[in-house]
Amino acid sequence: MLFRRVFSGAKWERIIGYCRAIRAGNHIYVTGTAPFDEDGSSVHAPGDGYRQARRCFQIIEKALGELDATMADVVRTRMFVTDITRWQEYSQAHGEFFAEHPPCTTMVEIQSLMDPEMLIEIEVDAVVQLDE
């Protein structure tokens, strides 16, 4: 089976040793994606759960595109949040990306993320239709 990997250039990929996403056949797995700014230097929109979630989905969407997939191919999302009482902020962004093709989803509150300004980290799984 052919494996295709994409990298976003985030410093954590190099330090920890992982890729942003990997495609194995028609399955794609996108690693936990944090809301870093385009240059990866700082957390996008500190204190704003909606904008942080949107930024995560933008990064995920780009990675999927590099593996010939779209958000419509996503079958599962997992949102790890530091304050679940803000669920509506995260859910608003989720709904904007998946209203037409809702995946299975999970939102779990965790104690903290790698940067204290991060409110959310998201991972997704996708399945791409193979040409028959």
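Yes or no: residue 63 in a helix (DSSP H, G or I), hydrophobic (A, V, I, L, M, F, W, C), closer than 25 Å to residue 5 by Cβ and touching a residue at least 60 places away in the same chain (Cβ under 8 Å)?
So residue 63 does not fit the description; no.
Can you tell me which of 63, 72, 45 is among the aliphatic types (A, V, I, L, M), surrounded by fewer than 19 Cβ atoms within 10 Å (Cβ to Cβ) and out of contact with any helix residue (DSSP H, G or I) (no Cβ under 7 Å at 6 or more places or on another chain)?
72
Table: residues versus (1) touching a residue at least 24 places away in the same chain (Cβ under 8 Å); (2) of a type outside the set (Val, Ile, Thr); (3) in contact with a Lys or Arg (Cβ under 8 Å, 6 or more places away or on another chain).
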| position | (1), (2), (3) |
| --- | --- |
| 75 | yes, no, no |
| 80 | yes, yes, no |
| 87 | no, yes, no |
| 96 | yes, yes, yes |
| 99 | no, yes, no |
| 104 | yes, yes, yes |
| 117 | yes, yes, no |
| 126 | yes, yes, no |
| 130 | yes, yes, no |
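Pick from segment 75-112 the residues that are within 26 Å of residue 7 (Cα to Cα) and among the basic types (Lys, Arg): which of them is surrounded by the most Cβ atoms within 10 Å (Cβ to Cβ)?
Top of the filtered list is 78.
Taking the condition more than 22 Å from residue 111 (Cβ to Cβ), assigned to a helix (DSSP H, G or I) and modelled with pLDDT of 95 or more, does residue 89 pass?
Spelling it out, it is not the case that residue 89 is more than 22 Å from residue 111 (Cβ to Cβ), assigned to a helix (DSSP H, G or I) and modelled with pLDDT of 95 or more.
Those residues that are of a type in the set (Lys, Arg) and either closer than 14 Å to residue 121 by Cβ or in contact with a Ser or Thr (Cβ under 9 Å, 6 or more places away or on another chain) (or both), I need them from segment 12-64; list them, please.
If the condition is that a residue be of a type in the set (Lys, Arg) and either closer than 14 Å to residue 121 by Cβ or in contact with a Ser or Thr (Cβ under 9 Å, 6 or more places away or on another chain) (or both), then 20, 54, 55, 62 are the ones that fit.
The values are calculated or read from the model by the stated rules, or taken from the named source; none is laboratory data. Fair warning: this is a prediction, and the values are worked out from it, not measured in the lab. When we count neighbours, we look across all protein chains shown, and the Cβ atoms used for this are built from the backbone with ideal geometry, even at glycine.
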